[in-house]
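Down below is the structure, laid out as structure tokens.
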Amino acid sequence: MKIAILSRNSNLYSTRRMVEAGKELGHEIRVIDPLRCYMAIASQRPSIHYKGEELVGFDAIIPRIGASITFYGAAVVRQFEMMGVYSVNESVAISRSRDKLRSLQLLARKGIGLPVTGFAHSTQFTNDLITLAGGAPLVIKLLEGTQGIGVVLAETNKAAESVIEAFRGLKANILVQEFIEEAQGADLRCFVIGGKVVAAMKRQGLEGEFRSNLHRGGSASLARLTPEERSTAVRAARIMGLNVAGVDLLRSNHGPVVMEVNSSPGLEGIESATQKNVAGMIIKFIENEAKPNRTKTRGQG
């Protein structure tokens with residue numbers, strides 16, 4: 001098979017591992033920077049060009065679209081879909097998962113466990129918003145934040161009010177969420193491929209740090225999931241429409257709650273913690289699933 005990995009950096013661990021895994025299984029793998037793609041949008045013969053050449057003959061693509069290029073990256077994925085190329089994660093699902101508010105609303109509608117969450121445009125009734133989210137301590141998140149950046153723990157109602165007003169003063173969109181204290185600075189990253197949790201790790205934040213992201217100095221170890229945690233991760237990925245997803249859960253007193261569903265989950269932490277060949281599993285999933293015009297939405301929406 002001829003597979004394209006849409007990635008801005010071929011030296012990233014996740015990209016390198018998928019190139020290695022694909023070649024080991026006998027496939028032709030090419031890394032393409034989505035920002036250097038340009039498109040001919042036509043009803044008869046849509047095409048994608050890259051550095052002066054037309055991209056043709058691909059059986060599948062693996063989108064590794066960073067949060068900062070979601071809009072253009074999703075457009076490139078959509079163009080491949082219009083050309084009948086199979087995408088591991090579809091453009092609609094990527095856009096859906098990147099919109100934190102939209103994804104939480106979709107998960108809530110399907111009965112997935114979530115932290116109590118508040119969202120508002122005006123700061124006129126900030127006190128009521130804080131009350132709706134259960135009162136301090138509260139976690140306040142920038143909608144556009146990634147890897148723990150733009151996430152603040154407000155220990156008192158007064159502090160929460162100040163942070164909310166400061167963020168809104170910068171015209172930033174924010175979520176206000178209950179703080180799951182019993183999680184003790186740890187979360188679970190469940191790696192879902194094709195409707196199954198294939199690997200899971202526990203991420204533990206540094207002492208005194210409530211964020212468990214590995215980019216913030218957290219540590220990772222092999223995790224054993226309960227049936228409820230496994231089921232929640234699979235359902236969350238399915239609701240987002242993602243074939244490959246990293247689902248982040250917290251263990252709360254009222255069961256597992258979903259913090260985020262990631263459409264481009266990193267491989268380094270999960271492969272190191274579990275000693276599993278997750279990159280190879282993604283390539284094998286493509287072998288089984290990739291067929292011309294198999295994309296459900298065909299670039300719609």
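The values are calculated or read from the model by the stated rules, or taken from the named source; none is laboratory data. Please read these numbers as outputs of a predicted model, since none were measured by experiment. Counting neighbours? That spans all protein chains shown, and the Cβs are built from the backbone with ideal geometry, glycine included.
Given the criterion surrounded by 16 or more Cβ atoms within 10 Å (Cβ to Cβ), closer than 30 Å to G280 by Cβ, touching a strand residue (DSSP E or B) at 6+ places or on another chain (Cβ under 8 Å) and not assigned by TED's automatic domain parsing to the domain that holds V88, identify the matching residue among L138, L188. Talk me through it step by step, then tell me what you get.
Numbers: L138 fails: closer than 30 Å to G280 by Cβ.
Being surrounded by 16 or more Cβ atoms within 10 Å (Cβ to Cβ), closer than 30 Å to G280 by Cβ, touching a strand residue (DSSP E or B) at 6+ places or on another chain (Cβ under 8 Å) and not assigned by TED's automatic domain parsing to the domain that holds V88 holds for just one of L138, L188, which is L188.
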* Structure fact -> (1) at pLDDT 95 or above; (2) in contact with a strand residue (DSSP E or B) (Cβ under 7 Å, 6 or more places away or on another chain) all hold for A40 apart from (1)
* What number of residues within the stretch 1-58 are in a loop (DSSP other than H, G, I, E, B) and either surrounded by 13 or more Cβ atoms within 10 Å (Cβ to Cβ) or on the phi < 0 side of the Ramachandran plot (or both)? -> 19
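Scan the stretch 240-257 residue by residue and report those that are at negative phi and under 12 Å from the mean Cα position of the chain (by Cα). Walk me through it before giving the result.
Taking the stretch 240-257 as the starting set, the residues that turn out to be at negative phi are 240, 242-254, 256-257.
Within the stretch 240-257, M240, L242, N243, V244, A245, G246, V247, D248 meet the criteria.
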